[in-house]
Amino acid sequence: MTIRPLRLIISAATVIVLLVGTFSIQLGFRTGIGKAEAKSLTNASLSPTLSVSSNLANRRYAAAGDRAYDLGSEDGRFPAMGFHTRGEMGGIWTPPIKLLDGIWFGINGQWIGPATSFTSGFGYAQMALPAIHGLQITRTDFAPDGRRAVEFGLTLTASNSAPFTLNVDAHSELMGAYPWGFTTPDQTQFNLPDTAAFNGKQLVFQENGTPPVANATPHSWAAVVGATGLTPASGTTGSAFRGPQDPPVICPASGPDLYRCDDTGFGKGAGGELTYNLQLHASTSLTVWFTVAGSDQGLAAAQTEYQAASANPASELQTKIASRLALDSQTQVSLPGDPMLAAAVAWSKQNMADLTQQADNVNIRRTEQGTVYPPPVGFLPSIRFEGAGFPDYPWMFATDQEYTMFALLAAGQFATAENGLRSLAAVSDIANNGSGKVVHEAVTDGSVYFGLNDEKGDIDETAKFPDAVAMVWRWTGDSKFRDDLYNFSLRNMQYMVNLTTSDDDVWPDGDGNVESSVLGEEPVDVAVYTIRGLLDLADMAASKGDTKTEKWALKNASAMEDAFQGAWWMPSIPQYADSLKDPANSQLMQRWWIGVTPMEAELYSGGVQQPGLAPAADAIAALKLRETSCYSGTYGMYVEGGPGCDSGSYTGRALVAYTLNTGVMAVGLGNYGLLGPKDQQVYTDDLAQLQLGTVEEQPGTMPEIGPSPDFAANVTQPFNERSSLEQAWGTYGVLWPVVHQQLGVDPQLGHGLLEVLPSVPPNQSTVSGTAIRIGAGTIDVTATHSGTSWTTTVTPSQLTCTLHAGATLPADSTVQSVTLNGAPVAYQVRDTNSGRQVFVSTACGSTAQVKVVAS
């Protein structure tokens, strides 16, 4: 470190002028789950928090905005992490480029840390650092939305008036999100050396040039590091400057990996250090804000980003927390019988906000699974979407968009759902020449890794797309959105049906979600979602008066529905086949999670909701088998169950509990009225435990995979070989079961209808939700069950529609009486797989309380 004699003496009054507020610390936590700790920010509303103090060096964290994020370990360090480009997926990013490997802080030549506790807040992360040289220190990381920057706030509280030196190291790694470490070309060829300079106030890193690879274009990337309101005494640059991680442990670009390292064989970054000489009066505090900003559009653009982000970071943090609290205020649920699930609902809303991402100047490139690097075939000025997961999947996946869409709707995050589907359709149309096929994976620079016309998969994503569009339309009533994506949805289903024309059956051939060579040519999830997609297309077509498309879609859906049970059901096991194998359409049952999709998929036939494709008796038998130890474990349902609990002969297994699989199981159980503590609640609580407890990495984040017999906990694995610490798709299994199934919220605003038919779980007496977004308005719902009576109270706000309000009763119930706001009323009964729905029809204009008495 370089220490200069220049000293800046700062009083408490100066702190206020320079930094517009500091932190105060206050204990408390409103949910009471985990270690209780909440931080109250000056002039900002209280944010709920979750904290952890054990094994911090082995836990990763993310602090994310929609244009930038940082990924490190919870002890305040920045280990190399991730596998797409080994070890380079962590650090500080503004998609589609990485900026820094990390940033580190020291006092008087001694590095601060490691942290003693870590806290997740709404939109920020905070670390308590050990006292050093008479200073108490807290570090706060956040990424302001709309800024290509990450802020790091060091709150220093002095016990005496001794002067001190603050040192800041930063090490760059300007690198694109694509290519990766194992593609052609790879990052050993594509990544160019960085340069570092000190301009008197900031560290400035640049990478300029053209990679020596065919079809690469010139680029000018830059990152800027500095402090708000302070001028450094000195700045130094060089090849090192990784704080306490110097000298670095280097992971090789390929070959045997290390458990933990500091940089990789792909790295060509540069380093630098800023030094500030400061003094605080005793018992005063100062928050020094450091901004890391950057751009893939050159140094001038990076400086513009820096100036905007660094102008008032304290205010930006208040804005960030306020925006996250606003999201939290939507879909507020009370589940007295399952408070952990209610807390998971709250944090799932934050997870989806974390993964809301945007990238600009997107050049669409067909990489054929990373084997070629051709010229771009199209351009989009911007894409905005729900990213799949940190650190290795922060870009756009169709599967994650389509499953997470249900959770986004239940949480009222409509814009993210719409933007994601628009972006996915736009990229797909360019990459696949308007064929209707949906791409599987598109990186933030526009590189399409998989899902092109000449690739077999993943065609389930094409089948799922019309349902995603239809569900958004039903929840929002946004007919323009439906119209904008109607033609693409039509082409989706034409593509799927065309895949059956050269076959001897009605099932599309091609890979589905499970990308495994052991499956037959026709996976069950593709079949199920094709039926659903055709019915959704028919529903949208009917609403538009497109009779030709409606009839075509219904004809094909009917043929598939009529054939489904005979083709796929295996009563002797009892399960649905995972796939059919040509040429004889032989049933294969290998216990993959996709066997639950016949129970998980919800159909809208003629505008009437029907939970589940499978007949109830068969579905319940199949679901009960999935609850056994061969299929499910401590943290959810396995991606592929093992032998021993059924008569199947297949001996393969992959006992790995992905949170998506667990979510699909939770929804499947709910579709058949199995909501109790031995059924759905097992799986929703599995997800909540992973999200809120200490078994995984960052408290409050939904991981990709839970600890399983065939997959060790992430905290025990090498940093470059872990699954995602935060993955969006698991939120499906939290929000949808609560809002749609337990609270019974089912908007069909495209038809002017809202149905609210709750199903109170067994052993519980009440569930409720407030500020649930429906179209341009909201509803509050309270459902109670006591003995032979079920009461539902619905209070709409700013909604004009027909309301069907009532309750979902056990299937064999006999209705004795129904009242609306205390008066007897005519009612309707509809039998579904989830139970006997009893409801009255009224207007959405005022509170409706429906009481059903049944035996």
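Summary of computed values
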read-out: Chymotrypsin sites (Phe, Trp or Tyr not before Pro) within region 86-118: DSSP coil, no more than 16 neighbouring Cβ in 10 Å; value: none
read-out: Whole-Hz couplings from phi, Karplus 6.51/-1.76/1.60, listed for region 326-338; x for Gly and Pro; value: 5, 5, 5, 5, 7, 6, 7, 10, 10, 10, x, x, 8
read-out: Label-point separation in nm, SER817 to ASP503, each point 7 Å along Cα→Cβ; value: 5.5 nm
read-out: Where THR399, THR793, THR800, THR116 fall by accessible area, highest first, once all protein chains stay in place (1.4 Å); value: THR800, THR116, THR793, THR399
read-out: Full-extension gain in nm, SER649 to VAL608, via 0.36 nm per residue minus C-alpha separation; value: 10.8 nm
read-out: Alpha-carbon centroid distance for the pair region 737-792 / region 535-576, whole angstrom; value: 28 Å
read-out: Area accessible to solvent at SER558, 1.4 Å probe radius, in Å²; value: 50 Å²
read-out: Point-to-point label distance, ALA712-THR547, nm (Cα→Cβ direction, 7 Å offset); value: 6.6 nm
read-out: Solvent-accessible area, 1.4 Å probe, carbon plus sulfur percent, for region 379-481; value: 55 percent
read-out: Residue order for HIS785, HIS171 - accessible surface, 1.4 angstrom probe, largest first; value: HIS785, HIS171
read-out: Added length on full extension, which subtracts the Cα-Cα distance from 0.36 nm per residue, ALA617 to SER855; value: 83.5 nm
read-out: Chain lengthening between THR116 and THR795 when straightened (0.36 nm per residue, less Cα-Cα); value: 239.8 nm
read-out: All lysines inside 20 Å of LYS544 as judged from Cα atoms, apart from same-chain residues fewer than 8 positions distant; value: LYS480, LYS555
read-out: Euclidean distance of C-alpha centroids, region 390-407 and region 269-326, integer Å; value: 29 Å
read-out: Within-13-Å neighbourhood charge of ASP685 [Cβ basis; K, R +1; D, E -1]; value: -2
read-out: Cα gyration tensor category, rounded, prolate or oblate, for region 348-444 with a/c compared to 1.5; value: prolate
read-out: Pairs from LYS437/LYS581; LYS320/LYS678; LYS581/LYS678; LYS349/LYS581; LYS349/LYS456 whose Cα-Cα separation, in the structure shown, is over 32 Å; value: LYS320/LYS678; LYS581/LYS678; LYS349/LYS581; LYS349/LYS456
read-out: Of all accessible heavy-atom area on region 169-251, the percent that carbon and sulfur account for (1.4 Å); value: 56 percent
read-out: Considering only the chain, percent of DSSP beta bridges that pair antiparallel, nearest 5; value: 95 percent
read-out: Rounded FRET efficiency, nearest 0.05, which uses the C-beta distance separating ALA322 from ASP831 and R0 of 51 Å; value: 0.65
read-out: Solvent-accessible area, 1.4 Å probe, carbon plus sulfur percent, for region 770-818; value: 48 percent
read-out: Cβ-defined net charge surrounding VAL528, 11 Å radius [Lys, Arg +1; Asp, Glu -1]; value: -4
read-out: Cα shape, region 442-577, gyration tensor, a/c 1.5 rule; value: oblate
read-out: Per-residue SASA entry for THR842, accessible area with 1.4 Å probe, Å² rounded to 10; value: 40 Å²
read-out: Span from the region 431-489 Cα centroid across to the region 344-379 one, whole angstrom; value: 14 Å
read-out: Unit charges at the beta carbon, dipole of the chain: most positive-side option, PRO212, CYS261, LEU669; value: CYS261
read-out: Heavy-atom surface of the chain, accessible at 1.4 Å and reported per residue (Å²); value: 30 Å²
read-out: Neighbourhood net charge (11 Å Cβ-Cβ; Lys/Arg +1, Asp/Glu -1) for GLU704; value: -4
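The values are calculated or read from the model by the stated rules, or taken from the named source; none is laboratory data. All figures in this text were calculated on a predicted structure; none of them were measured in a lab. In this analysis, Cβ positions are derived from the backbone assuming ideal geometry, glycine residues included, and neighbour counts consider all displayed protein chains. Surface accessibility is based on the protein's heavy atoms, side chains included, excluding ligands, DNA and RNA. Shrake-Rupley method; radii C 1.70, N 1.55, O 1.52, S 1.80 Å.
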